[in-house]
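As structure tokens, the structure follows; a few thoughts come after it.
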Amino acid sequence: MPRRRSSKRTALPSLAIHLGRTKTASGEQDEVVYLTGRPVEALHAWIAAARIDKGSVFRGIGRWGTLSRRALDPQSISAIFKQRVEMTGLDPAEFSAHGLRSGYLTEAANRRIPLVEAMEQSRHRSLQQASSYYNGAPAEPRGCYRTKYSAITNRGVHPARRFPEPLDR
């Protein structure tokens, strides 16, 4: 007998994060970003594992595994990012943490995501700056390069939002 699919759908976990003070905001404005799905699950797992009940979520970890109460500084984020790039076998000198933000807008442009929608996620305030990534987007969508970690990103994502397969198969 064939199995019937349940019509009951489970809601994706979602979360609103209040940013406080950032590079572009003083903390007086109520800056909020929204997460849905696996990033929410990963964040909850980190908060539980690190036993964080208040303060910064992303904190330094000392040589002996002790968790700092202070937030990671930009230099630490850059160092972590470059270490992860190196783990993929790529040259870390060719990548920067800022490239994630600009690369997000370039990819959003390639996927025809409205600029205002992409700016909400990237936190760009300047329409002129953000639109510079869109102006360079090709007229037709094309594939993108993937790192060794892209396959992880693709699982559980709506097919229309997945990265294209690598061009060099």
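Carbon and sulfur: what percent of the stretch 40-133's accessible surface (1.4 Å probe)? All intermediate terms of the calculation are to be shown ahead of the outcome.
Values: 3770 of 6620 Å².
It is 57 percent, rounded to a whole number.
Please check which bits of the stretch 91-120 a label hung off Ile77 would reach, taking the label as a point 7 Å along Cα-to-C-beta and the cut-off as backbone N under 14 Å.
Counting backbone N atoms under 14 Å from the label point, the list is 96-104.
At Ser132 and Arg69, where each label point lies 7 Å from the Cα along Cα→Cβ, what is the point-to-point distance in nanometres?
Spacing of the two 7 Å Cα→Cβ label points: 4.1 nm.
If packing is taken as the average count of other Cβ atoms within 10 Å, what order do 11-19, 114-122 fall into, highest mean first? It would help to have the intermediate numbers written out before the result.
Details: 11-19: 11.2, 114-122: 14.4.
Answer by packing, highest mean first, reads 114-122, 11-19.
Starting from the eigenvalues of the Cα gyration tensor, five times each then square-rooted, give me the equivalent ellipsoid semi-axes of the stretch 25-118, largest first, whole Å. Write out the running numbers ahead of the final one.
Numbers: eigenvalues 130, 88, 40 Å².
Sorted largest first and rounded, they come to 26, 21, 14 Å.
To one decimal place, what orientation-averaged projected area in nm² is obtained for the convex hull of the Cα set of the stretch 79-130?
Numbers: hull surface 17.0 nm².
One quarter of the hull surface, i.e. the mean projection, equals 4.2 nm².
The values are calculated or read from the model by the stated rules, or taken from the named source; none is laboratory data. Every value quoted in this text rests on a predicted model; they were computed, and no experiment measured them. All Cβ positions, even for glycine, are placed from backbone atoms using ideal geometry, and neighbour counts span all protein chains on display. Protein only, heavy atoms only, side chains kept; ligands, DNA and RNA dropped before computing areas. Shrake-Rupley method; radii C 1.70, N 1.55, O 1.52, S 1.80 Å.
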